[in-house]
1. I need to check one value: relative contact order of region A:32-88, counting alpha carbon pairs closer than 8 Å and at least 6 residues apart, in percent.
2. Consider a paramagnetic label point 7 Å from the Cα of B:TRP158 along Cα→Cβ; state which residues of region B:371-414 have an amide N under 19 Å from it.
3. Per residue Cα convex hull volume for region B:62-108, in cubic angstrom?
4. With only Lys, Arg, Asp and Glu charged, each at its Cβ (+1 for the first two, -1 for the last two), find how big the charge dipole of region A:212-312 is about the Cα centre; round to the nearest 20 debye.
5. Work out the length of the dipole vector of region A:204-263 about its Cα centre, built from +1 on the beta-carbon of each Lys and Arg and -1 on the beta-carbon of each Asp and Glu, and round it to the nearest 20 debye.
6. Specify, per residue and in Å³, the volume enclosed by the convex hull of the alpha carbon atoms belonging to region B:76-147.
7. Please give the calculated 222 nm ellipticity per residue for chain A, where each DSSP H segment of at least 4 residues contributes -39500 (n - 2.57) and the sum is spread over every residue; nearest 500 deg cm²/dmol?
8. Holding the Cα-Cα limit at 21 Å, pick out from A:LYS255/B:LYS592; A:LYS110/A:LYS442; B:LYS207/B:LYS239; B:LYS374/B:LYS452 the pairs that are longer than that.
Amino acid sequence: MIEKLPILSLLIWLPVFGALLVLFGPGQKHRNISQWLSLLIAGATFLLSAWAVTAFDSSRYFLQFVEDTPWIESLNIRYSLGVDGFSLPLIVLTSLMTLIVVIASWNNVKMRSSHYLAGFLIMCGLMNGVFAATDSILFYVFWEAMLVPMFLIIGIWGGANRIYATLKFFIYTFFGSVFLLIALIYLGRQADSFDIFAMHQLVLPDLEVQKLLFFAFLISFAVKVPMWPVHTWLPDAHVEAPTGGSVILAAIMLKMGTYGFVRFMLPIVPDASMAMADVIIVLSLIAVVYIGFVALAQKDMKKLIAYSSIAHMGFVTLGLFISFSLVSGKHIDAAIMGIQGALVQMISHGFISGALFLCIGVLYDRMHSRDISDYGGVVNTMPKFAMFFMLFAMANAGLPGTSGFVGEFLVIIASLQVNFWIAALAGTTLIFAAAYTLWMFKRVMFGDVANEKVASLQDLRSREYIVMIVLAVMVLGFGFYPAPMLELMQPSVEHLIDCNLVSKLSPEGMCS
Amino acid sequence: MLNQLLAIVLLPLAAAIVAGLAGNLIGRAWSHRITIGAVAVSCALAINIALGFAFGGLQSLNVTLYSWAQLGGLNLQVGFLIDPLTSTMMAVVTFVSLMVHVYTIGYMKDDPGYSRFFSYISLFTFAMLTLVMSNNFLQLFFGWEAVGLVSYLLIGFWYKKETAIFANLKAFLVNRVGDFGFLLGIAGVYMIFGTLDYAPVFEQVAKGFNDIQIPISEEIAWSGITFVCICLFIGAMGKSAQVPLHVWLPDSMEGPTPISALIHAATMVTAGVFMVARMSPLFELSEVALNVVLVIGATTALFMGFLGVIQNDIKRVVAYSTLSQLGYMVVALGASAYSVAIFHLVTHAFFKALLFLGAGAVIIAMHHEQDIRKMGGLGKMMPWTYATCLIGSLALIGFPGFSGFFSKEAIILATGNSNLAAADYAYFAVLAGVFFTALYSFRMFFLVFHTKPRMDEHTKSHVKESSLVVLIPLILLAVPSLISGWIIAPNVIDGSFFGDAIYVSENHDVLKPLVEPYSSQLGLTLHGFLTLPFLLAMGGLVTAFVFTVWKPEWRETLYNRLSVINSVLKNHYYFDKIYIDYISAGGVGLGKRFWRWIDAGLIDGWIVNGSAKTIGAISGQVRKIQSGYLYHYVLVMVIGLLAFLGWMYWRALAG
């Protein structure tokens, strides 16, 4: 029976309609009901996504769980969904992180908690929509719609300077999206279809046209990733966002940008991407080195982790864009390594940055401060919390045995095949990430009890435990045994390399 | 066999998890019972395997446990390579670890973090075993970083102590600098050989392969194999604390003494030496790399020995001695005497762990006083500690017949036989080092155990011999410190001990002339009394005697005469100053500037908020038009109407 279900539609609309129930149902007045209801919906969504993984045939690159019905027929826009090795892991990540946010927010949000939870559920559905959509206009609708709940979450439940941060966030990302829409409309007219995979088959003989499209994609995706120099919205948004907002922002929203690279930019305009690869590589390395320095100087924990996110996302863009030179140099294995590394890094960063923001949230709930200097010696009063925080800090520093190592390792190994300096500069993350993360850890956690507030701290509560354990299992599990995740992605990666990275300037050599 | 190997690795891990997560639940006694039990079983199995290789004709084993990742044609696996080299390391690691576990019962008995400590040292044993038993570079790197993690946790074990949490961060970061090189080296291995497993790499080396060129700039390209060897060696420099990445080791003494013995003397710091020996087929291909190894090792051996002479903290004397001895091992590697490097690693593990644990016993007896100037005359009060430390010290200075004699003599002779460019410098350094080794060792020995007691009466009245859990490990380590050299020396030198695990090319075979003298231990020992190293060692010992026991007042005079040298030494050649004041502070300062000028200033202030302000300013002007006041609109309408009528009128006139 379950095989017949429109599983992707469910993954999108179950949380969205569930959220309406949370909003307008009995939970409006009773926090308890709304919390349990949200947990139920988020849990069901996650189980659905987990079931999708088991039912997914990971030996093929084809789209699976396909749904396709006309939507706006006059414009040939369709409601079409499907997932492959790129999008399915991100859907699972989205559903899991939403569930975690629901648990972490338990009894924690005092003001309008049913609205808060509904916001996350709606966002979960919309983000799943982004990853599942195979019609570019449908994709665009989800892409834009998802901004609204995040805008509200920061704007309503955020910190003191939330209005500035939320406007900056919205305008920055909205600014980028406009170019995406133009590009999609152009491509839709050329391909006579808004289907993304029809766009993949499009021959674009004029390199200048490809470059224009490339820049349109770049502006919209780079803001999301975010890449240097369009990254300055992220630290502000994180600092002002409530804990749950930061978790979703770091864990999922940033991946929208790199997903866009994989789904649109690399396959549709490979020649322009290849021509511009060096630019992206340089920007990625700036993200690693320059942002590494900037992160060292931060005094606010959330800002520090926000900057570290930018540096880690640099590995995703780096891994994707070294593939061009590797493919043309016939280093196919290394190209697979680079792209796989980038994809693993996306998932792993979701767990690790989410976990770190939750850790900071645990501290913030108790101390109402994000300033490193307000802390010191927390390990004395919160030893169990310290253990988890240490694990996630080490994962952020890319320690082998944690998922944070896998992606960076693969990307660095692959990048030496391209150029010594790329590998050397990317490799400095070993030093930078350890320096800023562990220095922060030292100042916050180690030492004698710094003040009375620290002395009165309570260790983890049960719901916080659950969240930490789940994320710790993920971080360690994929660190020691990343093979299953890699296998899931492998056919899609190979397909991307075999077919889509081939020149589109002429129809020859393109595979169908 | 595979089950045994899994037990050796996983038992300490399981024990660490139990003691770490359920330490409060099972209590202190069960924490140490479980961990000691696990490590004891590991140790027994490991020694059994080592004996199997030494006498039973065991065959090398290369097995894959599971596939970590499959990327196109590349399979990254987790597995074991068990050969005489590995089994030697396994036996040494588990044995010293077991001794340290037992010793810890006594040393840490009043510590609130008792269970946590046992959990950490068991976890360390696991990490170190995965490192030495690996059959591929990926797992090697995992073990490499995992021992670094546990070292970090253990140096900062007393997390309230400001110096300890400074030292552990420093240790981790300095090691990360080494790991940076190590990772590039691994990337280079993949680039040349297309795999990260040892076996196919060595196979390709044996068959002959085409070296690649790694372009650095338009003009310059490095030989791939030299690049790989030097990068891997940078990793070894971090882990094995070679100049200039040695700065973390003396500070690591802020951790509890048992881990100084286990991690920062016997096992983890020798990981770099082990790794280079494991990679002997690669290093044999690059004389450039071997020369680099020689120079770095020789510099560490000699210059860190100097620093040992002026230390007053008992643990720091031993720490600088460790640095210097690691330098000796690295010199042996550079001279292509890999087996001798491992030989010295083994003997050093015994006598240096012994010396550290002895120092720990002294520290407990002295109520956590570590300054040797405030000790003295402890020999009579702690006879067992005295005797075992004497054995350790004699082994360290290479007194003929002791274990350290066989290994150090071999290093000196092998370096003398090497014909690499840097060999002369290295030979001088290791010879001169012998004098200083004896000087600092016996300076400390005399100041602690002989001379007049200089502690206060209260402390003095409480000094007593340590308990059995402390003494038994000392005695059990003293035995191999005495005899291990005697037993294995001939087989190590003639190559039968390590067999195929170590590869030396024909023209680098520096050990061939040594086979003959090393065939008779007794003859070598007797001959040892007539050699230059012996005279140098005695010279050092006598000098130490003169300045501590006989004429202590001469020390002051000497310090004053050599004040310039003294200040250089006191500042440890200014490495710390450069690293902390310039590199770390400079990095943070640069980050602040980047942030303030580029992120906040240029991008946010100028472009993002600047464009917002510009648009805001324009719209502010435009907005004035829509003031909402009716009379403004009426006025504008009237003006507009008049203008329109005027225009019509003008047109009518013109038309």
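1. In percent, rounded to a whole number, it is 25.
2. B:371-375
3. On the way: hull volume 4.8 nm³, N = 47.
Per residue, the Cα convex hull of region B:62-108 comes to 102 Å³.
4. On the way: 6 positive and 5 negative charges, 43 e Å.
For region A:212-312, the charge dipole is close to 200 debye.
5. Details: 4 positive and 4 negative charges, 38 e Å.
My answer is approximately 180 debye.
6. Values: hull volume 5.3 nm³, N = 72.
Measuring per residue, one finds 74 Å³ for the Cα hull of region B:76-147.
7. Working: 24 runs with 359 residues, N = 512.
Computed ellipticity for chain A at 222 nm equals -23000 deg cm²/dmol.
8. Details: A:LYS255/B:LYS592 28 Å; A:LYS110/A:LYS442 32 Å; B:LYS207/B:LYS239 31 Å; B:LYS374/B:LYS452 10 Å.
In this structure, A:LYS255/B:LYS592; A:LYS110/A:LYS442; B:LYS207/B:LYS239 exceed 21 Å between Cα atoms.
Since every read-out is calculated from the coordinates, none of them should be taken as a lab result. Note that the structure is a prediction, hence the values are computed from the model and not measured. Methodologically, a virtual Cβ is constructed for each residue, glycine included, from the backbone with ideal geometry; neighbour enumeration extends over all protein chains shown.
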